[in-house]
1. If the requirement is being closer than 25 Å to ILE94 by Cβ, polar (S, T, N, Q), part of a helix (DSSP H, G or I) and without any contact (Cβ under 8 Å) to a residue 60 or more places away in the chain, which of these qualifies: SER175, SER139?
2. Can you list residue pairs whose Cβ atoms sit under 6 Å apart, with the first residue in the range 104-116 being open to solvent by less than 60 Å² (accessible area, probe 1.4 Å) and the second being part of a loop (DSSP other than H, G, I, E, B)? Count only pairs 6 or more apart in sequence or on different chains.
3. Residues of the range 21-42 being among the aliphatic types (A, V, I, L, M) and more than 15 Å from SER66 (Cα to Cα), which ones?
4. Would you mention how many residues in the range 42-73 are without any contact (Cβ under 8 Å) to a residue 60 or more places away in the chain, out of contact with any Asp or Glu (no Cβ under 7 Å at 6 or more places or on another chain) and either not β-branched (Val, Ile, Thr) or not in a helix (DSSP H, G or I) (or both)?
5. Hey, any hits in the range 203-221 for a residue that's at pLDDT below 90 and over 20 Å from VAL69 (Cβ atoms)?
6. Can you tell me which residues in the range 143-156 are loosely packed, with under 15 Cβ neighbours inside 10 Å and in contact with a helix residue (DSSP H, G or I) (Cβ under 8 Å, 6 or more places away or on another chain)?
7. Among all residue pairs at least 6 apart or on different chains, which show Cβ distances below 6 Å where the first residue, located in the range 74-85, is closer than 18 Å to SER143 by Cβ and the second is of a type in the set (S, T, N, Q)?
8. Give the residue that is surrounded by the fewest Cβ atoms within 10 Å (Cβ to Cβ), with candidates limited to residues of the range 117-136 that are assigned to a helix (DSSP H, G or I) and in contact (Cβ under 8 Å) with a residue 60 or more places away in the chain.
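The values are calculated or read from the model by the stated rules, or taken from the named source; none is laboratory data. It should be emphasised that the depicted structure is a prediction, and the values quoted were computed from it without experimental measurement. Here the Cβ is made from the backbone with ideal geometry for all residues, glycine too, and neighbour counts use every protein chain on show. Keep in mind that these areas ignore ligands, DNA and RNA; they rest on the heavy atoms of the full protein, side chains included. Shrake-Rupley method; radii C 1.70, N 1.55, O 1.52, S 1.80 Å.
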Amino acid sequence: MNNAIMWLVMLLANFILIVLAYKIFGRRGLLVWIPISTIIANIQVMQTVHLFGMVATLGNIVYASSFLVTDILSENYGKRDANQAVWIGFFSLISMVILMNLALLFTPLTGDTMSEKTHESLSMIFKLMPRIAIASLISYIISQRHDVWAFHFWRRYFPKDNQLWIRNNLSTMVSQLIDSGFFTVAAFYGVFSNNDLLQIFISTYVLKWVVAAADTPFVYLARRIKKKNSFIYDETLR
């Protein structure tokens, strides 16, 4: 299937899964989505593809969806819950790096072809993880903390319900610019040519910008779900 079509399918799938997580599990569902998005994004980002005529890395949609989650938490529950989600994502990424690199230190069973191939495949995926993880950790914490701060900053100037799209987009689009710039240089400088690096940065930010613009209706939908209070599980988590 065409990469552009697959990108749109993945975009819709992410938004639907976030809404379902919120609808079924409430605030807990959003908090669970944060480690899901950070771990999957940092695996997908290792694959580069041609997308809309540009060189791009995968993982942009899944990672960008974490900004949607923190904005929903900021809007519906406040800064405390949004910051808690940020730190959960930070911890989950550190845990993944430690546990997967420890796993690679094991020697696979000699003569077990499947085990040896599995170990080789895991090494190919995760042996570059420390550099990517460090770049991701720093860019993640800076951009996500900025997103939470910026959302509440702009909320003071645009507090009305019909101005939610303004504070959502102003906070997210700037935060993703910070994230894309730092991560691209820190993770891939010296790995790709400067021309490819520039293309990855531009494509990464453009795609995240599109995700940020597209997620606005789902922020409104999440607020509507909150008002209806139609969760299966009671909202007692703080």
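1. Going through SER175, SER139 in turn, the sole match is SER139.
2. SER115/PRO108; SER115/LEU109
3. Passing the criteria: only ILE24.
4. Final tally of qualifying residues: 7.
5. Checked the range 203-221: at least one residue is at pLDDT below 90 and over 20 Å from VAL69 (Cβ atoms).
6. Passing the criteria: only PHE153.
7. If the second residue must be of a type in the set (S, T, N, Q), the pairs left are ALA82/THR70; ALA82/SER74; ALA85/THR70.
8. ILE125
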